[in-house]
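These notes are about the structure you will find just below.
The values are calculated or read from the model by the stated rules, or taken from the named source; none is laboratory data. Everything numeric here is computed off the predicted structure, so don't read it as measured data. A quick note on method: Cβ atoms are made from the backbone with ideal geometry, for glycine too, and the neighbour counts reach across all protein chains shown. Side chains are part of the model used for accessible areas, which takes the heavy atoms of the whole protein and leaves out ligands, DNA and RNA. Shrake-Rupley method; radii C 1.70, N 1.55, O 1.52, S 1.80 Å.
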Amino acid sequence: MARCRALAAVSEERGRLTRRFATPAMTHANALVGGWMAEAGMIVRTDAAGNLIGRAAGASPEAGTLLLGSHLDTVRDAGAFDGPLGVLVAIACVARLRDAEVGLPFAIDVLGFSDEEGLRFGTAYLGSRAVAGTFDPALLELIDDDGITARDALAGFGGRPAAVAGASRRDERILGYVEVHMEQGPVLEERGVPVGVVSAIAGATRAEVRFAGRAGHAGTVPMESRRDAACAAAELVLAVESAGRRTAGLLATVGRLSALPGAPNVVPGAAIASLDVRHADDAVRAAAVAALRDAAVEIAMRRGVAVDWQPRLDNPAVAVDAGLTEALARAVRARGVPEVRLASGAGHDGVALSELCGIAMLFVRCADGLSHHPDEAVSADDAEVALDVLCSVVTGLGA
Ligand code: HGY
Ligand code: MN
Ligand code: MN
């Protein structure tokens, strides 16, 4: 817990926690966490995609590698636990097994993924996709708010853009990926249990929608002749909200909205809205996204503005590995915790890693279900239960 707090002080911004992919703050975070990995006896490296990897060798190389961990990047104005909790519990697990002289046939790699949130380049899982061998080189051309490409950002960070494909673990024997993560929802608190077993991860679509109208003088352009891009975007925001409200299980959000050029006395000639749509059923999500895209076109036509819909992410719902998940559930029951299984509305690096190996996730109760917020909180007692469960799963896999 102290480590989570120490890591939360490593930010790009004064007064709040923001730590984007391939930034100096991530360099600092990797150094701090890498030191803790080394203290746990692991060999520490950073791969071409900027992922931090701590390795604890196994007794027999042919037994393969178990992947643990989570992400070290954050959203803007983040809390201390979304991502780091999973990395630090995994490190504590390796340290505890070493101290108990538990010899395992397989190796353990603890991964601190470099870009789960996708804050800097609007997509997600740049690091975990590289590990899974599904990284599309076109992603390196994405540009951040300062006009820097992902390629240049990664190179400046000390990554190796040309070698990202080499970060793939596809040609190795990977036993699976087990991630501990705060729940980011209210279920475990409502059920009165410290941990829960994830049953599936909802599918997600992200897009960037740009409206182009005509800028003009706020004091002289008559209202009836305006082509105000911000008003078009505002209509889309409300269309997104009503789609979410009227469709069971659909979560639809515009989290980022800009009116350009951004002067109070200029009619916005351009506007940009982000889109984030989630659902457990891929067909429902796809239909909702298609309907919103049609709505954007209708709004643009009616208002005499242009619209450009840029897809950023399209992840199907992901199933968890039955064997690994059953091992998690057994360990939860053995720890004396009533077994609660729950689906994840939030995305996780396991979405990307599910293309590489079987995945399983253990959720940890969080206060008020709050996350993506500086007040997100996990208790030390619940983190301890998660550590106990993870250690017993890992030990069980080695038995
Ligand atoms: O957006 C998500 O679901 C995750 O927090 N990246
Ligand atoms: Mn998150
Ligand atoms: Mn997360």
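Within the group 88, 97, 126, which residue is of a type in the set (A, V, I, L, M, F, W, C), at pLDDT 95 or above, within 16 Å of ligand 3 (Cβ to nearest atom) and in contact with a Ser or Thr (Cβ under 8 Å, 6 or more places away or on another chain)?
The unique qualifying residue is 126.
Is one or more of the residues making up the range 229-250 without any contact (Cβ under 8 Å) to a residue 24 or more places away in the chain, among the polar types (S, T, N, Q) and surrounded by fewer than 20 Cβ atoms within 10 Å (Cβ to Cβ)?
Looking through the range 229-250, at least one residue is without any contact (Cβ under 8 Å) to a residue 24 or more places away in the chain, among the polar types (S, T, N, Q) and surrounded by fewer than 20 Cβ atoms within 10 Å (Cβ to Cβ).
Collect the residues in the range 368-388 that are among the hydrophobic types (A, V, I, L, M, F, W, C), open to solvent by less than 40 Å² (accessible area, probe 1.4 Å) and either more than 16 Å from ligand 3 (Cβ to nearest atom) or without any contact (Cβ under 8 Å) to a residue 40 or more places away in the chain (or both), keeping them in residue-number order.
Here is the first cut: in the range 368-388, the residues among the hydrophobic types (A, V, I, L, M, F, W, C) are 370, 377-378, 380, 383, 385-387.
Those still in the list that are open to solvent by less than 40 Å² (accessible area, probe 1.4 Å) too: 377-378, 383, 385-387.
The answer is 385, 387.
Working only within the range 182-227, note down all residues that are acidic (Asp, Glu) and open to solvent by less than 50 Å² (accessible area, probe 1.4 Å). Before you say what the answer is, go through the steps one by one.
Restricting attention to the range 182-227, the residues satisfying the condition of being acidic (Asp, Glu) are 183, 189-190, 208, 224.
Selection gives 183, 208.
Could you check the range 23-50 and list, in sequence order, the residues that are among the small types (Gly, Ala, Ser) and either open to solvent by less than 10 Å² (accessible area, probe 1.4 Å) or not in a loop (DSSP other than H, G, I, E, B) (or both)?
Keep residues of the range 23-50 that are among the small types (Gly, Ala, Ser), which gives 25, 29, 31, 34-35, 38, 40-41, 48-50.
Selection gives 25, 29, 31, 34, 35, 38, 40, 48, 49, 50.
Out of the residues in the range 58-95 that are within 16 Å of ligand 1 (Cβ to nearest atom) and charged (D, E, K, R), state the one that is nearest to residue 168 (Cα to Cα). Break it down stepwise before answering.
Let us first name the residues in the range 58-95 that are within 16 Å of ligand 1 (Cβ to nearest atom), namely 69-87.
Filter again for charged (D, E, K, R), leaving 73, 76-77, 82.
Values: 73: 20, 76: 28, 77: 31, 82: 24 Å.
Of everything passing the filter in the range 58-95, 73 is nearest to residue 168 (Cα to Cα).
Any idea which residue in the range 96-116 is farthest from ligand 1 (Cβ to nearest atom), counting only those that are within 19 Å of residue 167 (Cα to Cα) and not small (Gly, Ala, Ser)?
Step one: of the range 96-116, the residues within 19 Å of residue 167 (Cα to Cα) are 107-116.
Within this subset, residues satisfying the condition of being not small (Gly, Ala, Ser) are 108-111, 113, 115-116.
Numbers: 108: 24, 109: 21, 110: 19, 111: 16, 113: 11, 115: 10, 116: 5 Å.
Ranking the qualifying residues of the range 96-116, first place goes to 108.
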